[in-house]
Structure formats: structure tokens, C-alpha cells
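To start, the structure itself, in C-alpha cells.
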Amino acid sequence: MLFDLRSAGRRRAIKVVYGGLALLMFMGFVFFGIGSSGLSGSIGDLFGQGGGGSSNAAQDRLVTQVRAADRRTRAAPSDPAAWAAAAQAHIRLASVGDYFDPAKSDYTAAGKRQLTQAGAAWDKYLALKPAKPDERLARQMIQTFLSISKPDKAVTAQEILTEIDPTKQTFQNLAILSYQAGNMRKGDLAAGKAVDLAPKAERKDLKKQLDTYKSQAAVQQVQQAQPTPTPTIG
């Protein structure tokens, strides 16, 4: 995957200490298209649903689809398409009715269980080594894994996108996700590749932007690693 970059002779010495952005800031950049044309659109666009507020009839219909998709995986466990369909069915269900809380713009506990099941189906799908991984599903899985606090899995899904569509944007997003996940080495490799693929006039600004993401992520990780002070009882 990404480590094939070593043979391309495009390593860059990005030495600035980096750290993670807050999740909302990151999602704004990658998923809502701020400063980006590669992954524009809303979370609802990624999932093919409006998210929240769906009728009971819509929820019931999606529950039926999930059950049918899961039955298909049991009937044909060696069929990558069956597992891909199951992952998508669970993601769609997670975005409606009792599974998504529009007031909090977040998934309920039941919704997160659906996303966890989608992640398991995605893992089965990848294990079967599909000839051409589903690009749309890979994009959906990035948000899915971020929503259930599995940034390392989101990185893997983004790596697949860089293989399908090796552009400045996909490597830029991979760098940001890798920094968020604490994988600075992979982030630096992806950042270097993104800068290489950018138009010459944009390279300096892009490198500066990615350095900023990296330094912010490093600070956040240090803060998270610090133990919480034990309150003293006077």
C-alpha cells in the first residue's frame, strides 16, 4: 500500500512536530469539502441518507434490507459483493430513526452498533480480496470508523482510495487521517506524495498546511497521554 512510496524516491523530510485536530475540524476539512474538492458533500451524501428524522416506515424498510443482506452473507460467505452490500445496509440503517439523534448530530448506541457491524462486514469484504474494491463503500467506511473511534481503520480505508484514485487529494486526506491516528511516519509519506502531485504553484502552501495539521495532532496526542490529576481532599 502506502509504503510502496519508498521505491518512488519521493520521501520528504517533514520534521515539524505534528498533532491532531479536533474531530469536528478534521471532518469539516475532509468530509464537508472545506479547502478540498475531493471529498465534498455532507455525511448524508456519503451514506445515501438524509440522516435522522426518517419515518418509522423508512426505518422498518432498512431493517428488512439489513436482515436480507445478512442472510445473503450466510448463504454466500465467499462472495465479496454480499459483504459489501451488508456493510452498506448497516450504514444506511444507522443514519435513520432510532439509530441517529439529529439533536446531537450523532449516532445513538444502537446506531453505533450498526456501524460496528458494518465495520465487521467491511473486514470480511477485504479479506476476500475483491479484484477492484468498491470506491464508494471505502469512502463510507472512513466516516463509519471515525464515528466508532477507530481511526486506524479509517486510515486503511483511505489507503484503498489512494490505490484506486492516486491523486493529490486522496494522499492529502490520507496524511491527515494518519496524523489523527498517531501514525506520523505514514502521514509524512502521504504528505510528501500529496505535495509531489500538487501543481507546482500550490506545493509550498500545501506543505505548510499539512505541517500545521501534523503539529496540531502531535500536541493533542501529548495532551491525551498526560494522566488526569488526582483531586486532593482537603
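The table for this structure:
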quantity	calculated
Neighbours by Cβ (under 7 Å, 6+ apart or cross-chain): first from the stretch 105-118, more than 18 Å from Gln65 (Cα to Cα); second open to solvent by 20 Å² or more (accessible area, probe 1.4 Å)	Tyr107/Tyr99; Tyr107/Phe100; Tyr107/Ser147; Thr108/Asp98; Thr108/Tyr99; Thr108/Phe100; Thr108/Asp101
Residue in the stretch 190-200 that is assigned to a loop (DSSP other than H, G, I, E, B), closer than 25 Å to Thr73 by Cα and touching a residue at least 12 places away in the same chain (Cβ under 8 Å) present	no
Residue list for the stretch 68-79, restricted to those being surrounded by 12 or more Cβ atoms within 10 Å (Cβ to Cβ) and in a helix (DSSP H, G or I)	Ala68, Ala69, Asp70, Arg71, Arg72, Thr73
Residue that is of a type in the set (S, T, N, Q) and buried (at least 24 other Cβ atoms within 10 Å of the Cβ), where the choices are Gln216, Gln158, Gln209, Gln169	Gln158
Residue identified as at pLDDT 95 or above and surrounded by 16 or more Cβ atoms within 10 Å (Cβ to Cβ) among Leu62, Leu39	Leu62
Single residue of Ser147, Ser95 found to be open to solvent by 10 Å² or more (accessible area, probe 1.4 Å), hydroxyl-bearing (Ser, Thr, Tyr) and in contact (Cβ under 8 Å) with a residue 24 or more places away in the chain	Ser147
Counted residues, the stretch 172-189 - those being within 20 Å of Lys150 (Cβ to Cβ), open to solvent by 10 Å² or more (accessible area, probe 1.4 Å) and either in contact with a Leu (Cβ under 9 Å, 6 or more places away or on another chain) or not in a helix (DSSP H, G or I) (or both)	5
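Yes or no, residue by residue, for (1) out of contact with any strand residue (DSSP E or B) (no Cβ under 6 Å at 6 or more places or on another chain); (2) over 24 Å from Pro80 (Cα atoms); (3) at pLDDT 95 or above:
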residue: Gln114; (1), (2), (3): yes, no, yes
residue: Leu128; (1), (2), (3): yes, no, yes
residue: Lys132; (1), (2), (3): yes, no, no
residue: Glu159; (1), (2), (3): yes, no, yes
residue: Lys186; (1), (2), (3): yes, yes, yes
residue: Leu189; (1), (2), (3): yes, yes, yes
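The values are calculated or read from the model by the stated rules, or taken from the named source; none is laboratory data. Quantities reported herein were computed from a predicted structural model and do not represent experimental measurements. Ideal geometry is used to build each Cβ from the backbone, glycine not excepted, and the neighbour counts take in all protein chains shown. Side chains are part of the model used for accessible areas, which takes the heavy atoms of the whole protein and leaves out ligands, DNA and RNA. Shrake-Rupley method; radii C 1.70, N 1.55, O 1.52, S 1.80 Å.
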